[in-house]
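Reading through the structure tokens given below for one structure.
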Amino acid sequence: MHFLRRVIFLIVIMFDIANCSIVVNVNKGVVKPVSIALNFIDKKGGMKRSFVGVIRKDLESTCLFRSVSEDAFMQKMDTILTDPTYNLWKIINVQYLVNIELKPYNDGIIDVTLVLYDVASKSKIRTISAYAKENDWRKMAHMMANGIYERVTGEKGYFDTKILYVATQHTKGKHKIYRLAMMDQDGHDNQYLTNGSSIVLTPRLSPKGNEFSFFSYKEKTVNSRKIPLSASVYRYNFNTRKTELMVQFKGMTYAPRYSPDGNTLIFSLSNNGASSIYTYDLVARKIRRLTKGRCIDTSPCYSPDGQCIVFNSDRGGTQQLYVMDTDGSNVRRLSFSVGRYATPVWSPRGDWIAFTKFGSSGFFIGIIRPDGTEERMLASGFLVESPTWSPNGRVVLFSHQDYYRKEQICSVDITGYNKRVVPTQMNAIDPEWSGNIKFDCVYRKKV
Amino acid sequence: MLHHKRDNALLNRSLSCSVLLHVIIFVFCVVSHFLPKKNNFLLMEVELSGGGENAIMSPNDTVEPPPELLEPIVPEERIEEPPIENVINGEGGAEAKSDPMQAPESAQEPTGDMSESVPPFHDDVPETKPAELPPQEEAVPNLDEKPKEVPAAKEKPKKKKRKKNALSDVIKRVEKKKSSEDRRKKIADLVEKSANAKNKKNDAFNKMLEGAREELRRSSDVGGFGEGLGYGSGGSGDGNYDKIIGTQIERNWIVPAGVRDAEQIVVSIRIQLKDNGEIIAAGIKVLDERRYATDLVFRAVADSARRAIIETGCLKIPKDKINLFRDFVFNFNLAEALKGRR
């Protein structure tokens with residue numbers, strides 16, 4: 001029905017177009033950031049620089065926005081109640097004007113109102129207003145930045161998200177410590193979740209947002225040799241702040257991931273030199289084997305609709321990407337080019353699959369369509385791996401290690417541009433991007 | 001201005017040098033052309049007999065040589081040679097005074113039986129000196145003996161010297177000029193390099209000026225705007241319209257890169273123009289209103305397209321074609337615009 005409506009509408013449009021004798025095609029444009037002016041009205045005092053700074057940093061980190069300096073403003077606006085003089089903003093090439101007013105509401109509570117104007121069309125296009133505790137002003141700023149981003153780009157913002165990662169640290173005895181940590185997507189508010197007594201890898205957040213799973217094992221030193229003990233999948237609950245064993249099998253279990261509904265855990269289990277993919281129903285507590293054979297099948301990942309699973313396998317002779325149905329049937333190969341593929345991750349939008357590729361020419365982070373077409377590389381480096389997607393499917397985070405073994409988390413846009421380093425307190429690997437987090441401390445007003 | 005004067009001075013210098021060189025070479029050619037060539041066998045004209053069908057002579061062919069070639073290449077005075085004695089010749093020695101160019105009697109073709117006319121060779125027969133040929137100009141002089149002075153020959157060495165002197169003088173002069181020309185050229189190159197280093201700063205400004213001039217020219221060249229491009233009877237979808245009008249919008253369209261489903265997004269916007277080509281802001285209309293209201297990505301792309309039209313403001317269209325563009329549609333194709341950048 002929906003399709004039929006679209007067809008009829010297209011026919012109507014075509015008649016409309018046909019009435020006009022001329023149609024001019026515009027097939028080229030300019031790819032550059034949109035210029036935006038952030039005008040902050042601080043009625044509380046002392047918060048202007050920090051609040052606007054967070055919004056400016058969020059928007060400019062996307063490389064889709066360019067903030068105009070306040071020194072260039074030709075109109076001073078002290079209230080959000082009056083519309084701006086658009087010509088004065090057009091002169092300085094501002095395309096979007098943002099008026100933000102912050103005023104105290106009650107003790108310890110602030111009231112923030114944001115109005116977004118389109119200077120070219122001389123119209124107000126968005127208004128956001130919310131209350132929050134004064135201590136949570138950063139979350140409020142991220143929420144405001146999200147609102148601007150969504151209205152201008154049409155896509156969901158990701159500034160109110162968290163990044164889960166593994167912080168590494170070398171000790172004096174050259175022993176490496178692995179600790180699970182979590183921070184805001186801009187690197188602020190870093191918290192350590194484990195104490196580093198055991199090795200932790202591949203943290204994966206549940207879509208429900210209340211827990212995450214990770215692979216961990218303890219080591220025992222025997223005759224100066226380190227031997228892993230009980231390598232298994234664990235889970236950490238944010239509410240109880242406790243770690244518990246999720247599933248333990250004979251052999252090594254690793255690379256766990258949640259299904260889109262959060263009720264199933266998928267992982268790979270290695271035994272006697274071969275590795276197969278299994279699923280574990282967290283509710284029914286039942287395990288099911290999906291792949292068989294003497295090959296190595298690992299790094300499984302669900303599609304966002306939960307219908308398919310992508311994984312990497314060497315069943316064809318070299319390590320390549322494969323896609324199968326959720327019951328393990330209909331296995332088809334995705335990648336065919338030179339090199340080896342690993343750690344595939346399906347985009348939340350469902351239109352791309354990110355992966356790690358390595359070969360004689362080095363390490364790469366790339367993306368490929370689910371049908372195996374349009375493969376291209378986004379980043380390269382001495383050692384890059386473990387890609388993870390932003391919630392809107394536009395940005396990819398990955399681990400980057402340089403020649404001097406400095407480990408960092410980097411981000412790159414889906415277009416391959418805008419490579420950035422995410423600031424962390426220590427060396428960081430294995431990032432995992434959370435979904436949009438609902439801040440209970442921020443309450444939206446009806447406008 | 002200063003840079004132009006310097007450039008002109010350099011040009012003048014190089015021009016004068018090249019003119020001088022050309023004059024010298026011309027003089028040399030003229031002088032060498034009018035020098036006498038008679039005694040120079042290298043320059044002697046050798047006329048081939050016949051030509052065409054008779055280009056190659058057979059041994060039996062006889063062709064009379066031209067009269068000038070009948071003159072022997074000998075000095076003007078002929079030296080009387082003593083008669084050749086003891087010439088084995090049946091006819092006597094009187095004929096020994098015949099033309100010295102003739103081969104000696106002994107070399108003549110024998111007539112009759114050889115055994116009778118030619119006496120046997122004896123060892124005691126004195127050897128006779130062969131007839132000495134008269135001295136020729138090309139003959140290598142005997143260094144031990146002084147060359148015999150010939151009154152007429154006295155002038156020729158002088159002529160040789162003159163030739164040599166003239167040639168060498170000219171060559172020396174040409175070489176001098178060349179070296180001085182090379183020096184001037186080097187100096188000119190150095191000066192030019194230093195000037196170029198300063199000119200580089202002005203290049204950017206000049207480019208801007210050129211761009212501004214081009215803009216002015218385009219804006220003022222209304223009459224020639226569409227000439228030769230075949231507007232014809234109008235119609236739709238001509239590549240010319242895309243090139244001429246579409247390009248005015250392209251520079252202002254900020255394309256949103258990396259959007260979802262970019263290949264499915266084509267925004268059609270209807271616009272209306274005034275008589276002077278100015279876009280009526282109120283007449284800008286996105287045709288697919290339903291999608292604009294429901295699809296956020298489509299709305300973002302449509303907003304960017306509408307903004308591009310508003311920022312363009314006025315379209316440059318010839319007055320005689322304005323009626324065609326009173327009311328028309330722009331198609332903004334996102335997939336085409338993002339080719340290679342998705």
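The values are calculated or read from the model by the stated rules, or taken from the named source; none is laboratory data. This structure is a prediction, so every number in the text was calculated from the model and none was measured. Glycine also receives a Cβ, built like all others from the backbone with ideal geometry; neighbour counts cover every protein chain displayed. Side chains included, ligands, DNA and RNA excluded: accessible areas come from the protein's heavy atoms. Shrake-Rupley method; radii C 1.70, N 1.55, O 1.52, S 1.80 Å.
How far, in degrees from 0 to 90, does helix A:48-60 lean away from the longest principal axis of the Cα atoms of chain A, to the nearest 10?
Computed tilt is about 60 degrees.
If you project the alpha carbons of segment A:125-225 onto the principal axes, what extent comes out on each, in Å, largest first?
69, 26, 22
Could you tell me how far the Cα centroid of segment A:182-214 sits from the Cα centroid of segment A:343-384, in Å?
What the calculation gives is 24 Å, centre to centre.
Ranking request for peptides A:249-258, A:95-104: highest mean number of other beta-carbon atoms within 10 Å first, then the rest in descending order. Mind showing how you got there, number by number?
Values: A:249-258: 18.9, A:95-104: 21.0.
Result, highest mean Cβ count within 10 Å first: A:95-104, A:249-258.
On C-alpha positions alone, give me the angle between the axis of helix A:137-153 and the longest principal axis of chain A, in degrees, nearest 10.
Result, in degrees: 80.
Total accessible area buried between chains B and A, 1.4 Å probe, in Å² to the nearest 100?
Values: alone 27650 and 23380 Å², together 47000 Å².
Buried area between the two chains comes out at roughly 4000 Å².
Determine the shape class of segment A:248-402: with a ≥ b ≥ c the square roots of the Cα gyration tensor eigenvalues, call it rounded for a/c under 1.5, and otherwise prolate if a/b is greater than b/c, oblate otherwise. Kindly include the intermediate steps, with their values, before the conclusion.
Working: a/c = 1.62, a/b = 1.32, b/c = 1.23.
It comes out prolate by the Cα gyration axes.
Indicate the gyration tensor shape class of segment A:344-447 (rounded, prolate or oblate), computed on the Cα atoms with a ≥ b ≥ c the square roots of the eigenvalues: a/c under 1.5 is rounded; otherwise a/b larger than b/c is prolate and the rest oblate. Don't skip to the end; give the middle numbers.
Numbers: a/c = 2.71, a/b = 1.38, b/c = 1.96.
Taking the square roots of the gyration eigenvalues as a ≥ b ≥ c, segment A:344-447 is oblate.
Please report the spacing between the Cα centers of segment A:31-45 and segment A:49-88 in Å, no decimals.
Answer, in whole Å: 2.
Tell me the angle of helix A:2-19 to the major Cα principal axis of chain A, expressed in degrees between 0 and 90 and rounded to the nearest ten.
Roughly 40 degrees, rounded to the nearest 10.
Give the average, rounded to an integer, of partner chain Cβ atoms located within 10 angstrom of each Cβ in B:256-264.
On the way: counts 8, 11, 15, 5, 11, 2, 1, 0, 0.
Partner Cβ neighbours, averaged per residue: 6.
Any idea of the accessible area per residue across segment B:259-342, 1.4 Å probe, to the nearest Å²?
Values: 3740 Å² over 84 residues.
I get 45 Å² per residue for segment B:259-342.
So what is the relative contact order for chain A, in percent, with contacts set as C-alpha pairs under 8 Å and at least six apart?
Numbers: 1024 pairs, mean separation 46.2, N = 447.
Across chain A, relative contact order equals 10 percent.
Taking the convex hull of the Cα atoms, report for segment B:240-342 its projected area averaged over all directions, in nm². Could the numbers behind the result be given before it?
Values: hull surface 25.6 nm².
So the mean shadow area of the Cα hull is 6.4 nm².
With bins 10 Å wide starting at 0, give me the P(r) of segment A:1-151 over every alpha carbon pair, in whole percents.
10, 33, 26, 16, 12, 4, 0
Mind pulling up the Rg/Rh value for segment B:280-321? Radius of gyration and Kirkwood radius, both on Cα. Walk me through the intermediate numbers first.
On the way: Rg = 13.0 Å, Rh = 11.7 Å.
That ratio equals 1.10.
Which whole-number percent gives the relative contact order of segment A:236-306, counting Cα pairs below 8 Å spaced six or more residues apart? Write down the numbers at each step before the final one.
Details: 126 pairs, mean separation 18.9, N = 71.
RCO, segment A:236-306: 27 percent.
Under the definition of partner shielding as Cβ atoms of other protein chains within 10 Å of a residue Cβ, what is the mean value for peptide B:293-303?
On the way: counts 0, 0, 1, 6, 3, 1, 3, 6, 2, 1, 8.
Across the residues of B:293-303, the mean count of other-chain Cβ atoms within 10 Å is 3.
Pick from A:ILE91, A:ILE266, A:ILE55: which residue has the top mean-square fluctuation in a GNM of chain A where Cα pairs under 10 Å get a spring?
Sorting by GNM fluctuation, first place goes to A:ILE91.
Once you average over the residues of A:151-158, how many Cβ atoms of partner chains fall within 10 Å of each Cβ?
On the way: counts 4, 4, 8, 13, 7, 1, 0, 0.
The shielding value for this peptide is 5.
Which residues of segment A:345-365 bury at least 30 Å² of accessible area once all protein chains are present, versus their chain alone (1.4 Å probe)?
Buried by the other chains: A:ARG349.
With only alpha-carbon pairs counted, each pair once and no self-pairs, how large is the Kirkwood hydrodynamic radius of segment A:45-107 in angstroms?
Numbers: mean 1/r = 0.0743 Å⁻¹.
Roughly 13.5 Å, rounded to one decimal.
Hey, what number do you get for chain A at 222 nm if only DSSP H runs of n ≥ 4 count, each worth -39500 (n - 2.57), divided across all residues, to the nearest 500? Present the calculation step by step, with values, prior to reporting the outcome.
Numbers: 4 runs with 54 residues, N = 447.
The helix-only estimate for chain A comes to -4000 deg cm²/dmol at 222 nm.
Give the Debye-formula value of log10 I(q)/I(0) at each listed q (0.13 Å⁻¹), with one equal scatterer per alpha carbon of chain A, two decimals each.
Scattering profile of chain A, log10 relative to I(0): -1.23.
Taking amide H atoms as placed 1.01 Å from N in the peptide plane, list the residues 5 or more away in sequence, or in a different chain, whose amide H sits under 5 Å from that of A:LEU64.
Result for A:LEU64 returns nothing.
Projected area of segment A:296-368, taken from the Cα convex hull and averaged over every viewing direction, in nm²?
Numbers: hull surface 18.4 nm².
The orientation-averaged projected area of the Cα hull of segment A:296-368 comes to 4.6 nm².
Of the peptides A:232-238, A:72-78, how do they stack up when ordered by the mean number of other Cβ atoms within 10 Å, highest first? Display every interim value, and only then the final one.
Values: A:232-238: 19.1, A:72-78: 13.3.
So the order, starting with the most tightly packed, is A:232-238, A:72-78.
At 0.692 mPa s and 37 °C, plugging the Kirkwood radius over alpha-carbon pairs of segment A:95-150 into Stokes-Einstein gives what diffusion coefficient in µm²/s? Present the calculation step by step, with values, prior to reporting the outcome.
Numbers: Rh = 11.8 Å.
Rounded, D is 277 µm²/s.
Spelling out what I want: for every residue of segment A:22-34, take phi, set θ = phi - 60°, compute 6.51 cos²θ - 1.76 cosθ + 1.60 (Karplus), and round to whole Hz; glycine and proline get x.
3J(HN,Hα) across segment A:22-34, in whole Hz: 10, 10, 10, 8, 10, 10, 9, x, 10, 9, 7, x, 7.
If a paramagnetic tag sat 7 Å from the Cα of A:THR85 along the Cα-Cβ line, which residues of segment B:271-311 would have the backbone N under 11 Å from that point?
No residue passes the distance filter.
Students often check this: by mean Cβ neighbours within 10 Å, which of A:368-375, A:293-300, B:12-19, A:110-117 ranks highest, and how do the rest follow?
On the way: A:368-375: 14.1, A:293-300: 19.0, B:12-19: 12.4, A:110-117: 21.6.
Answer by packing, highest mean first, reads A:110-117, A:293-300, A:368-375, B:12-19.
Of the heavy-atom accessible surface of chain A (probe 1.4 angstrom), what whole percent is carbon and sulfur? Before the final figure, lay out the partial values.
Details: 10720 of 21300 Å².
The value for chain A is 50 percent carbon and sulfur by accessible area.
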